[in-house]
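Participant: Right, I'll just put the structure down here and ask away after.
The values are calculated or read from the model by the stated rules, or taken from the named source; none is laboratory data. Values in this document were obtained by computation on a predicted structure and should not be read as measured data. With ideal geometry, Cβ positions are generated from the backbone for all residues, glycine too; neighbour counts draw on all protein chains shown. With ligands, DNA and RNA removed, areas are computed over all heavy atoms of the protein, side chains included. Shrake-Rupley method; radii C 1.70, N 1.55, O 1.52, S 1.80 Å.
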There are 2 protein chains.
Amino acid sequence: MFNRMADLPEREIVPGFRAKMIHTEHVTVAHWTVDAGAALPDHAHPHEQITMVQAGTFELTVNGETHVVEEGDYAVIPGQVRHSGKAITACRLVDVFYPTRDDYR
Amino acid sequence: MFNRMADLPEREIVPGFRAKMIHTEHVTVAHWTVDAGAALPDHAHPHEQITMVQAGTFELTVNGETHVVEEGDYAVIPGQVRHSGKAITACRLVDVFYPTRDDYR
């Protein structure tokens, strides 16, 4: 039950988007390190997602609405809602997904 | 869908444990600020919980097993498993709960 983030593998899911992921029975928590300029293509998934910005400046588009988000900002993205993003600067983001992202295991 | 942590109220749930909480359809994310010396009594709840340490030194007991945890450490606590804790220093912790902590709304 006790673990260290340092022991988690870091995986590059999309070019410039690297994550350490905690998968539990019900949720996935992804800690992202994002390179400046990296872009996440428009996509959707059945999972509910909370995106929280820990550092940096990120341009996030949800359901066609674009906001520039920074430390302390967060977005709640319901399942199946399309979203995309671009890192204006290097960023650290944390995503929480429900249910577990089995496709990221 | 776009929000700021700064706009969330901070609530003291247990003496010395103050949280800003994001409640969604399925999960709750609690960002805690904990005073040095504050203690969380032994308790359990049906919710699955992930506790992640962002800063400080915290003594966490889960199911009778005690660990001193620090930045980058995390614990996965299944539903109904008893746990307690004490802040050795001032701490910043993030908890993710499934399902939503309606008792904290």
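Participant: Rounded to the nearest 20 debye, what is the charge dipole size of chain B about its Cα centre when +1 sits on each Lys and Arg Cβ and -1 on each Asp and Glu Cβ?
Facilitator: Values: 9 positive and 15 negative charges, 46 e Å.
About 220 debye.
Participant: Using only protein heavy atoms and a 1.4 angstrom probe, determine the accessible area buried between A and B, summed over both sides, in Å² to the nearest 100.
Facilitator: Details: alone 6350 and 6350 Å², together 9730 Å².
Approximately 3000 Å² gets buried when A meets B.
Participant: Also, quick follow-up: Taking a cut-off of 29 Å between Cα atoms, list the lysines near residue A:86, but don't count ones fewer than 8 places away on the same chain.
Facilitator: A:20, B:20
Participant: Need the C-alpha centroid separation for region B:35-60 versus region A:1-55, integer Å.
Facilitator: 23
Participant: Something else now. Scaled to the compact-protein estimate 2.2 N^0.38 Å, what is the alpha-carbon radius of gyration of region B:65-105, rounded to two decimal places?
Facilitator: Normalised Cα radius of gyration, region B:65-105: 1.32.
Participant: While we're looking at this one, here's another question. If you wrap a convex hull around the C-alpha atoms of the protein assembly as shown and split its volume per residue, what is the figure in Å³?
Facilitator: Taking the convex hull of the Cα positions in the protein assembly as shown, it is 110 Å³ per residue.
Participant: Mind listing the label-point distances from residue A:54 to the same position on all other copies, shortest first, one decimal in nm, points 7 Å along Cα→Cβ?
Facilitator: Going from nearest to farthest copy, the values are 0.9 nm.
Participant: Ignoring ligands, DNA and RNA, what percent of the 1.4 Å accessible area of chain A is carbon and sulfur?
Facilitator: Values: 2350 of 4870 Å².
Whole-percent figure for carbon plus sulfur exposure: 48.
Participant: Tell me the per residue accessible area of region B:8-54 using a 1.4 Å probe; a whole number in Å² is fine.
Facilitator: 41
Participant: Can I ask one more? Which of B:24, B:75, B:3 sits farthest toward the positive end of the charge dipole of chain B, with +1 on the Cβ of Lys and Arg and -1 on the Cβ of Asp and Glu?
Facilitator: Positive-end residue among those listed: B:3.
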